[in-house]
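A.B. asks: Below you'll find the structure I mean.
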């Protein structure tokens with residue numbers, strides 16, 4: 001050990017042994033040669049506890065009231081349509097039916113996708129009303145489920161139809177999907193999407209007097225599940241697959257006769273990830289999240305009923 005290091009050690013030791021005073025401890029050692037050391041330790045004042053209180057923005061109850069009014073108005077509008085299109089026949093005791101083969105089950109996919117889209121619409125309003133995001137997910141999903149089950153229960157009293165357990169189960173599954181995504185974010189990489197091209201829109205359906213609207217024009221509908229490939233297979237896959245491109249599996253039907261006949265088509269297609277559009281901020285994020293439910297027209301291959309290639313599948 002050098003002399004300077006030894007002297008430094010003695011100075012620190014002496015400093016630690018000095019008596020404590022109100023003004024603290026102090027020691028200054030100076031040397032005419034080249035050692036000059038100054039140490040100072042002042043006693044700290046007593047610290048007072050600081051009370052902290054987190055304040056969150058209060059919900060906009062006026063806007064929430066408006067959302068509730070719009071919700072009830074939508075239920076009334078659906079009731080009027082259903083009364084003319086589906087419930088105009090005989091009514092009677094509540095009955096339960098099994099109809100998994102109806103419209104080749106594409107209506108069951110509709111019952112899964114509908115509450116997902118409804119929950120998203122409700123969540124936009126709740127977010128604007130400053131409702132906590134997690135709470136909003138639960139409320140919007142519950143509202144979507146009640147909306148769907150309202151129709152199912154009324155179907156149960158229509159003698160030409162009935163309460164479909166298959167429809168109800170898919171309603172529950174669809175309403176639960178946003179909640180499950182919230183707790184398991186990996187599922188955000190699986191995006192349900194919908195596409196539509198009119199086939200029998202406005203024509204008479206299989207029920208006399210029924211005019212088909214978009215939700216009843218089954219042959220014009222396709223339901224897709226689009227996947228973010230890079231997020232699922234790791235960043236090492238990026239050299240082969242661009243971020244903006246998604247892989248999608250779709251389902252559609254043709255030539256249905258209302259009695260379980262027709263053709264079921266399965267597609268594999270490319271899709272576009274709207275998240276990759278360089279637009280930022282809460283408004284643009286809401287726009288991108290909303291468009292995420294629409295399938296972007298891109299090349300596809302039909303793998304059933306004869307393989308066929310489509311330049312743009314929609």
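A.B. asks: Starting with the highest mean, order 217-224, 185-192 by the number of other Cβ atoms within 10 Å, averaged over the residues of each peptide.
C.D. replies: So the order, starting with the most tightly packed, is 217-224, 185-192.
A.B. asks: Another one. When the chain is fully extended, how far beyond the present Cα-Cα distance does residue 94 get from residue 243, taking 0.36 nm per residue of separation?
C.D. replies: 48.6 nm
A.B. asks: How high is the FRET efficiency between residue 283 and residue 157 when r is their beta carbon distance and R₀ equals 51 Å, given to the nearest 0.05? Write down the numbers at each step before the final one.
C.D. replies: On the way: r = 43 Å, r/R0 = 0.85.
It comes out at approximately 0.75.
A.B. asks: Calculate the spin-label point distance for residue 179 paired with residue 303, positioning each point 7 Å from the Cα along the beta-carbon direction, and give it in nanometres.
C.D. replies: Each label point is offset 7 Å from its Cα along the Cβ direction, giving 3.3 nm.
A.B. asks: Determine the shape class of region 164-248: with a ≥ b ≥ c the square roots of the Cα gyration tensor eigenvalues, call it rounded for a/c under 1.5, and otherwise prolate if a/b is greater than b/c, oblate otherwise. Show your work: numbers first, answer last.
C.D. replies: On the way: a/c = 4.83, a/b = 1.83, b/c = 2.64.
Because a/c hits 1.5 or more and a/b fails to exceed b/c, region 164-248 counts as oblate.
A.B. asks: At 25 °C and a viscosity of 0.890 mPa s, what translational diffusion coefficient does Stokes-Einstein give for region 112-163, taking Rh as the Kirkwood radius over Cα pairs? Give it in µm²/s as a whole number. Walk me through the numbers before you get to the answer.
C.D. replies: Working: Rh = 11.8 Å.
Translational D for this selection: 208 µm²/s.
A.B. asks: While we're here: Please provide three numbers in whole Å: the alpha-carbon extents of region 59-183 along the principal axes, with the largest listed first.
C.D. replies: Taking the Cα atoms of region 59-183, the three principal extents are 45, 29, 20 Å.
A.B. asks: Under 10 °C and 1.306 mPa s, how fast does region 195-314 diffuse according to Stokes-Einstein, given a Kirkwood radius computed over C-alpha pairs? Answer in µm²/s, whole number.
C.D. replies: 97 µm²/s
A.B. asks: Let me ask something else. If I take R0 = 51 Å and measure r between the Cβ atoms of residue 232 and residue 75 in this structure, what FRET efficiency does the formula 1/(1 + (r/R0)^6) give, to the nearest 0.05? Let's see the in-between values first.
C.D. replies: Numbers: r = 38 Å, r/R0 = 0.75.
The computed FRET efficiency comes out at 0.85.
A.B. asks: Could I ask something else about it? Going by average Cβ neighbours within 10 Å, how do the peptides 155-162, 62-69, 251-258 rank, with the highest at the top?
C.D. replies: On the way: 155-162: 17.1, 62-69: 13.5, 251-258: 15.5.
So the order, starting with the most tightly packed, is 155-162, 251-258, 62-69.
Computed from the coordinates by the stated procedures, all read-outs in this text should not be read as laboratory data. Computed from a prediction, not measured in an experiment: that's the story for all the values here. Here the Cβ is made from the backbone with ideal geometry for all residues, glycine too, and neighbour counts use every protein chain on show.
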